[in-house]
Ligand SMILES: [Ca+2]
Ligand SMILES: [Ca+2]
Ligand SMILES: [Ca+2]
């Protein structure tokens, strides 16, 4: 696995003793005795481009030959190889973020940045003599691609209030001065989305909300937020599932002794059979490594004229619902019964090829195991309920709310009820926002219907309290660890993170992301594929799969018992509010989940009953610390 062989150079060593001519030639230098070798700094990278991404940036560059002499015992290295780069270094400020990149790579993805904040980026090439001329600083501002324009609100009407007035406007519209309101989706229990006759700024929206909330027929109103997927894209590499069998994978105790990533046994608990896991995401693409597991889902992506936006440079405004590219294949504009993923590529910032994010998340949870191809899913017996709620331009919280309610078996007006209510609901998405009443209401409804909601903590390297839906109540929020078991550079942190699971770090090495199902198409679906991705999205999927396993072994487990099994505190954990990079696991004292440590059903249960008492003995399952046993 050559891709992991980075050359991390001692950047601060020996600088003081460097020769003067080296200093003149290199922006930094490393050799102590330049007389041994022909000194030559690497050439500076050329054509450096920096593009804004969502909570991150994408950097690319060109460079001279990557061929370097492998025989470092020979002083007279071939001249033209001497200045070849041994690595590249991308730095960002503020934050003093440093990313070291392998010499074969010409790109870097930096995650965990703040949208709307200006960053300065520099790139240098490095070899054993020193660093090239510094390219930059180049300015870049990460963005979600949303301009803060509000076209829709969510309104909670009081019990018994009709959402539509006699004149066809939404109830409460006459209380608003600036725009007219029209009722759109009915999410049940008096919860409705309401369209504005024209889009307004967030400040103007707050005025409208105040006017609405002064109307006694309305309990509350809020902006319909837009959420985005919580991962970072990357091209594919060779297969390796360190996230399961590796030293810090979730099945690490099943790892073969010393070094290997080959499992010595099968995962504990059930395999997920009988458990439906809803994946509320970008939709789904067909994949041979996940066939009979996929149930009939739904597509809750709205399509409203005011959400139309420019998708590529010099392009026309196109619909929010990417189904517009081919309604025959992907379903009609607006809500439809076909959750096929039409692709979420963007030609404007944040630029990206289609992510096939929903397929990747679903594969982590439920890819078929022991079928001779591809990867092993965490819970390959589970049924995947694919629900599309994220478009190429993000997802409305009202659409996500409808998806949550429907997934759990709740009724959504105008939609056939879900025949396969989900015990598990996976939300691999995040936005910088307080938990909206819209999402909290939907999560509460799903919980009352018996579902457990697992969410990504978010990828902004910030306190999770500022990121929704991870900051909602009654969710299990999941932060991301890397292959060393530490918190990833991008993962959100803080009290609100319930548990950590593998999310991967593509900057450490391209093959240290999470490998799962994907698609080769850049814009529209093409051949099925596999790909590495990183993010708390991926981490959340591990927990959804793990809980599906526990539920399939013991269907009666409550949410509280599932939290205990994960060693997740109901009350939250004690943790610092700053990025926690000092403790051993760098996870702010939250658990790093291990599947094999979760309790499974005791075996060999023997009951000895007499008149007044019941005496029990049992054989605990191996590798398990049982902290409690409930007698029924
Ligand atoms: Ca569709
Ligand atoms: Ca549609
Ligand atoms: Ca497989």
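Annotation: of all residues in the range 304-334 being farther than 30 Å from residue 116 by Cα and assigned to a loop (DSSP other than H, G, I, E, B), the one that is farthest from ligand 3 (Cβ to nearest atom) is 333. Within the range 216-224, does at least one residue satisfy the condition of being in the same structural domain as residue 169 (by TED's automatic domain parsing), over 30 Å from the mean Cα position of the chain (by Cα), buried (at least 17 other Cβ atoms within 10 Å of the Cβ) and more than 21 Å from residue 440 (Cβ to Cβ)? Checking the range 216-224: not a single residue is in the same structural domain as residue 169 (by TED's automatic domain parsing), over 30 Å from the mean Cα position of the chain (by Cα), buried (at least 17 other Cβ atoms within 10 Å of the Cβ) and more than 21 Å from residue 440 (Cβ to Cβ).
Restricting attention to the range 152-171, the residues being touching a strand residue (DSSP E or B) at 6+ places or on another chain (Cβ under 8 Å) and modelled with pLDDT under 85 number 1.
Would you list the strands (runs of 3 or more DSSP E) that sit entirely within the range 443-550 and hold 3 or more residues that are surrounded by fewer than 24 Cβ atoms within 10 Å (Cβ to Cβ)?
528-533
Could we say that residue 486 is within 20 Å of residue 281 (Cβ to Cβ) and modelled with pLDDT under 95 here? For residue 486, the condition - within 20 Å of residue 281 (Cβ to Cβ) and modelled with pLDDT under 95 - is not met. For the residues 80, 55, 49, the requirement of being under 27 Å from residue 349 (Cα atoms) and modelled with pLDDT under 85 singles out 55. Of all the listed residues (384, 364), the sole one being in contact with a helix residue (DSSP H, G or I) (Cβ under 6 Å, 6 or more places away or on another chain), closer than 28 Å to residue 319 by Cα, within 16 Å of ligand 3 (Cβ to nearest atom) and modelled with pLDDT of 95 or more is 384.
The values are calculated or read from the model by the stated rules, or taken from the named source; none is laboratory data. This structure is a prediction, so every number in the text was calculated from the model and none was measured. Note: ideal-geometry Cβ built from the backbone for every residue, glycine included; neighbour counts use all protein chains shown.
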